[in-house]
Structure formats: structure tokens, C-alpha cells
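Peer 1: One structure is given below, represented as C-alpha cells, and several questions about it will come after.
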């Protein structure tokens, strides 16, 4: 069975709109695809180890594909290169460590949960450690970005994923408005056996 791993963004959770929309669509239209959306902490090394273990365990049962939003897009890129997986990236973070200083040594709270966290300087090094310098399998990626993203500059993602399939929409915001209308095409891209 094919497994889709959805990786949520910074301080988000499996309760995010896009994760829930994807789960609902798969249940209704592609129940043959397993859906996995783990609740990840903002601690990079902990997340890295968890995602490695998850992907490797799922690969034992069949193909794995990825979908990620914001910081989740950064993690998807690392996993896609490490394991040669297809990935859909939604308003992805390109260099998340650039934003981390403002989140260091302060109390952080999850958007959908009561979880609280505190990041330290060594976490910046941990997130940099999984940066992929060059994309070697550009046909594995589909970038979706909206120019009205108020959190990240969409142009950084356009440049980073140059040569990859891209859908760039005018307006919108960081949540990627009306995301679910793309799901039929996105899932078809992820599960296509064209390589």
C-alpha cells in the first residue's frame, strides 16, 4: 500500500486545515492510500529522527510519498532527497533558520494544542544540518505557492525549486487559500508510476 506522509508546519499539528482536508479527500476518493500526519515538535533533531524512522518503517510496506506545508516543506525536501521520494510542497520554508532567532529562549505554544516549547541556539545548528544544497531529483517535486504569503517570500521558493513543477498563484496567503481544490491533481502526481 502507498503511504502519504503529511508534514505540518512550525507549531502546527495534524489538526491543521490542509492536513485535515487531505485526510478527508483520501478517505473519500483514495482509501487505498494510507495517510500519516505525525504531531511533530519544533525540535529539529527529534523531528529528524522521528521522520527517518517513520519513512523507513512505511517503506517496508510499500511506496511512500510526501506532502508538506511551510516548515513541513523543508522537511519534505530533505526526505525526498534522502529516500528518492515524490513531494508536494505548499508555501515551503527555504531557510527556516533565518527566522529562528526571534523564537529562541521564549515560550512557544502550539497553534492547535496546549503544547509549549522553548528553542535554544543549538536548535539552529540542528535545522541547518539537514539543509539540502542542491536538488538532484527535480521531477520529484511540485511546488505550490501563493504570492500573498505574509510569512514567507514566495520568490525564495520559486528560485529554490527552479526546474521543478510549479503552481504559483496570485494573492492568497501563507495558509494557501482553497488548497483542497488541487488535491485530485496533487495525489495523481504523487502516485504516478512514470519513472
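Readers should treat all values here as calculations from the given coordinates under stated rules, not as data from a laboratory. Because the structure is a prediction, the values reported are computed rather than measured. We place every Cβ from the backbone using ideal geometry, glycine too, and count neighbours over all the protein chains shown.
Peer 1: P(r) for the range 43-97: what percent of alpha-carbon pairs falls in each 10 Å bin, starting at zero?
Peer 2: P(r) for the range 43-97, in whole percents per bin: 25, 57, 17, 1.
Peer 1: Here's another thing I want to ask about it. From Cα pairs below 8 angstrom and at least 6 apart in sequence, can you work out the relative contact order of the chain, rounded to a whole percent? Could the numbers behind the result be given before it?
Peer 2: Numbers: 329 pairs, mean separation 41.8, N = 195.
With pairs under 8 Å counted, the relative contact order is 21 percent.
Peer 1: Please find the FRET efficiency linking residue 139 to residue 107, where r is the Cβ-Cβ separation and R0 is fixed at 30 Å, and quote it to the nearest 0.05.
Peer 2: Computed FRET efficiency for residue 139 and residue 107 comes out at 0.10.
Peer 1: Continuing with the same structure: By how many degrees, 0 to 90 and rounded to 10, does the Cα axis of helix 17-29 deviate from the longest principal axis of the chain?
Peer 2: Taking the Cα atoms of the chain, the angle to 17-29 is about 20 degrees.
Peer 1: Report the relative contact order of the range 51-143, percent, no decimals, based on alpha-carbon pairs under 8 angstrom and at least 6 residues apart. Don't skip to the answer; put the middle values down first.
Peer 2: Numbers: 111 pairs, mean separation 25.6, N = 93.
Relative contact order here is 28 percent.
Peer 1: For the chain, find the longest principal axis of its Cα atoms and tell me its angle to the long axis of helix 71-83, 0 to 90°, nearest 10.
Peer 2: 60
Peer 1: If you find the alpha carbon centre of the range 103-117 and of the range 144-195, how far apart are they in angstrom?
Peer 2: The distance from the Cα centre of the range 103-117 to that of the range 144-195 comes to 27 Å.
Peer 1: Any idea what angle helix 44-59 forms with the longest principal axis of the chain, computed on alpha-carbon atoms, 0 to 90 degrees, nearest 10?
Peer 2: Helix 44-59 sits at roughly 20 degrees to that axis.
Peer 1: Give me the tail of P(r) for the chain as a percent: Cα-Cα pairs with distance above 25 Å.
Peer 2: Values: 5809 of 18915 pairs.
The proportion of pairs with Cα distances above 25 Å equals 31 percent.
Peer 1: Looking at the range 3-191 only, what percent of DSSP beta bridges run antiparallel? Nearest 5 please. List each step's numbers first, then the result.
Peer 2: Numbers: 2 of 24 bridges.
Roughly 10 percent of the DSSP beta bridges within the range 3-191 come out antiparallel.
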